[in-house]
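Student: Let me begin by handing over the structure; questions about it come next.
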Amino acid sequence: MKKVVIYSFCFIVSGCGGGGGGHSDAPAKNVSPGGIWKGTVTYTDTGETGQIIGIVTESGELRFVSNDSVQSVGNITTSGANYSGTITEYAPIGQTFGENNLAVISGSISGQISERHQISGKSEYQGKTLSTFTLDYDVAYDTDSSLAAIQGTYSNATATLTVNAGQITGQDSDGCTYNGAASVINSSYNAYRITFTAANCGQFNGDYSGLGTVTTENNVTSLTFQANSSQYIVTNSLDR
């Protein structure tokens, strides 16, 4: 399997509470953060921009990857149209973040959501803004999910995965084998729970869990997922 990995992983869950209103006011509706989101990120230290794509579940679990292979995992909660939470980012192999000179950096994330339309916000580390971003909603998230929809054999230049009745089997050109499961999180939305065990894979052996989605573009259907073990994280996309 074509791997994008880092040397440690720490999953952090956090949220924020909503404020109370006056006795005559109806409580503000907390918008849903769910969606497949695509857009641009601007890094405040350099002013450079990049592309980012990812998925957020209805409960606020998020996973993103940028075009420079930085992977992000976190959780957010909403209060009205605002959101906040925590995020952990992982540098590509052999690289570190300038803020802490490590391959992993954890901070906060906050901003605003226009439900099923746009997310904007910023990520911070120790009070310093690391990046700002604006992401647009991809209607592919509106596609119903089911074990029938994800079923099939997917491949790319280095790996092949088969999903059959929710069971995942596969192998890659490095000799790694994969056995696991795909399950539906909410049948109304295009997000799946992906779990698998990697074997015959040296230091990458272990149990992985994450999120995936199935999308079709230009008549090509793809399974894209991000999952992590206790030490490593991987993002991959394969075509059916």
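Student: For the chain, what does the helix formula give at 222 nm: sum of -39500 (n - 2.57) over DSSP H segments with n ≥ 4, over the residue count, nearest 500 deg cm²/dmol? Walk me through the numbers on the way to the answer.
Tutor: Values: 1 runs with 4 residues, N = 240.
Taking each H run of at least 4 residues, the total per residue is 0 deg cm²/dmol.
Student: Given the options A103, A28, A227, which has the most mean-square fluctuation in a GNM of the chain, springs set between C-alpha atoms less than 10 angstrom apart?
Tutor: A28
Student: Moving on to the next point. Among V41, V139, V104, which one shows the highest mean-square fluctuation when the chain is modelled as a Gaussian network with alpha-carbon springs under 10 Å?
Tutor: Among V41, V139, V104, the largest mean-square fluctuation in the Gaussian network model of the chain belongs to V139.
Student: Is the stretch 182-240 rounded, prolate or oblate when judged by the Cα gyration tensor, a ≥ b ≥ c being the square roots of its eigenvalues, rounded requiring a/c under 1.5 and prolate requiring a/b larger than b/c?
Tutor: Details: a/c = 2.93, a/b = 1.65, b/c = 1.78.
Because a/c hits 1.5 or more and a/b fails to exceed b/c, the stretch 182-240 counts as oblate.
Student: In terms of the Cα gyration tensor, with a ≥ b ≥ c the square roots of its eigenvalues, is the chain rounded because a/c is under 1.5, prolate because a/b exceeds b/c, or oblate? The partial results should precede the final answer.
Tutor: Details: a/c = 1.92, a/b = 1.32, b/c = 1.46.
Oblate shape, in that a/c is at least 1.5 and b/c is the bigger or equal ratio.
Student: How many nm is it between the label spots at D68 and N164, if each spot is 7 Å from the Cα in line with the beta carbon?
Tutor: It works out to 4.3 nm between the two label points.
Every read-out reported here was derived from the displayed coordinates using simple, explicitly stated rules and does not represent laboratory data. Quick caveat: nothing in here was measured; it's all calculated off a predicted structure. Note that each Cβ is placed from the backbone with ideal geometry, even for glycine, and that neighbours are counted across all protein chains shown.
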